[in-house]
1. From the list 13, 2, pick out the single residue that is away from the ligand (no atom under 16 Å from the Cβ), outside any helix (DSSP H, G or I), surrounded by fewer than 18 Cβ atoms within 10 Å (Cβ to Cβ) and more than 14 Å from the chain's Cα centre (by Cα).
2. Please return the ranges of helices (runs of 4 or more DSSP H) entirely within the range 52-157 where 1 or more residues are over 20 Å from residue 21 (Cβ atoms) and modelled with pLDDT of 95 or more.
3. Are any residues in the range 35-51 in a helix (DSSP H, G or I) and either surrounded by 17 or more Cβ atoms within 10 Å (Cβ to Cβ) or on the phi > 0 side of the Ramachandran plot (or both), and if so, which ones?
4. Can we say residue 68 is among the acidic types (Asp, Glu) and within 14 Å of the ligand (Cβ to nearest atom)?
5. Across the range 20-44, what is the number of residues that are basic (Lys, Arg) and modelled with pLDDT under 95?
6. Of these, 122, 115, which one is closer than 27 Å to residue 36 by Cβ and hydrophobic (A, V, I, L, M, F, W, C)?
7. Looking at residue 74, is it over 14 Å from residue 106 (Cα atoms), away from the ligand (no atom under 16 Å from the Cβ), surrounded by fewer than 20 Cβ atoms within 10 Å (Cβ to Cβ) and in contact (Cβ under 8 Å) with a residue 24 or more places away in the chain?
Amino acid sequence: MKPKIGLTQDSLKKISDMLSAVLADAAVLYTKTRKFHWNVSGESFMELHKLFEGQYNKLEEAVDAIAERINKLGSKTPGTMKEFIEMASLKESPGKYPSQKEMIKELLTDHEAVIVQLRKNIDDCADKYKDAGTADFLTGLMEEHETIAWTLRRYLD
Ligand SMILES: [Fe+2]
């Protein structure tokens, strides 16, 4: 059954497509953060191992919330690695094991790219689609990315 919640079918479809891209980036960033959790080594090993764990746990919650929001808006949620890789704008780096500092820099770059994208998505939800619910949802998500980005940035100052 299609949701009758004051949004046109066209808007619902476009919002769901936009959320699917947000989901794909979150899934890529989740996987990358886990990879770094597993492979970080050096002086601050345990600190960064735990820091990355806290961050991928946050991202895992985000992945679930984004996925379920797509469902709430009446669309099927993509859920395969293949689709995530195709839809994501973030890039993976197979076979590469950066230094501690490079890991932090790469994660920061990715979180900042997500924040820039979410800011645009929030504006689109509010202005183009008149979807206050998704705009609010994405604002909360953006703030979580801002907190993670702030934490990562502090290691580089
Ligand atoms: Fe672990």
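1. When all the criteria are applied, what remains is 2.
2. In the range 52-157, the matching helices (runs of 4 or more DSSP H) lie at 100-127, 132-156.
3. 35, 36, 37, 48, 51
4. No.
5. Number satisfying all stated conditions: 0.
6. After applying the criteria, what remains is 115.
7. Yes; evaluated as a whole, the condition is true for this residue.
Quick grid of which residues meet (1) closer than 19 Å to residue 145 by Cα; (2) of a type in the set (Val, Ile, Thr):
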| site | (1), (2) |
| --- | --- |
| 40 | no, yes |
| 46 | no, no |
| 63 | yes, yes |
| 72 | no, no |
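The values are calculated or read from the model by the stated rules, or taken from the named source; none is laboratory data. For clarity, every value in this text was computed on a predicted model and none was experimentally measured. Please note: Cβ atoms are built from the backbone with ideal geometry, for glycine as well, and neighbour counts cover all protein chains shown.
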